[in-house]
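Right, one structure below, let's go through it.
No lab work stands behind these numbers, since they all come straight from the coordinates. Note that this is a predicted model, so its numbers are computed, not measured. FYI the Cβ positions are ideal-geometry reconstructions off the backbone, even for glycines, and counts take in every protein chain you see.
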Amino acid sequence: MNLSERLNDDMKQAMRSQDKFKLSTIRMMRSSVKNLEIDLKRPLEDNEVLDILSREIKIRKDSLQEFLQQKLKLLVNTFPSS
């Protein structure tokens, strides 16, 4: 079973268990994989799928880090300094 098939199976399982968070995450990842498959006009190898998943994870982690930094700045600016 390759990674694309595994994503499909995991998505079906998430649907059955009604795990909305997991389902939306898998759909987002499948979308990225599918977009590259369309661009390249061929199915992706496992290493290519893994590269996409790694890149997507990095993007999400960076976004979370930026969000937390901005939230901290907002909190610091909200309270008057003595």
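A few comments on the model shown:
- All positions within segment 1-30 that are more than 17 Å from GLU56 (Cβ to Cβ) and touching a residue at least 40 places away in the same chain (Cβ under 8 Å): ASN2
- When MET28 is tested against (1) surrounded by 11 or more Cβ atoms within 10 Å (Cβ to Cβ); (2) over 15 Å from SER4 (Cβ atoms), exactly one condition is not met: (2).
- Taken over segment 31-82, residues that are of a type in the set (A, V, I, L, M, F, W, C) and exposed (fewer than 10 other Cβ atoms within 10 Å of the Cβ) amount to 5.
- Only one entry of VAL49, VAL76, VAL33 meets the criterion of being touching a residue at least 40 places away in the same chain (Cβ under 8 Å) and assigned to a helix (DSSP H, G or I), and that entry is VAL49.
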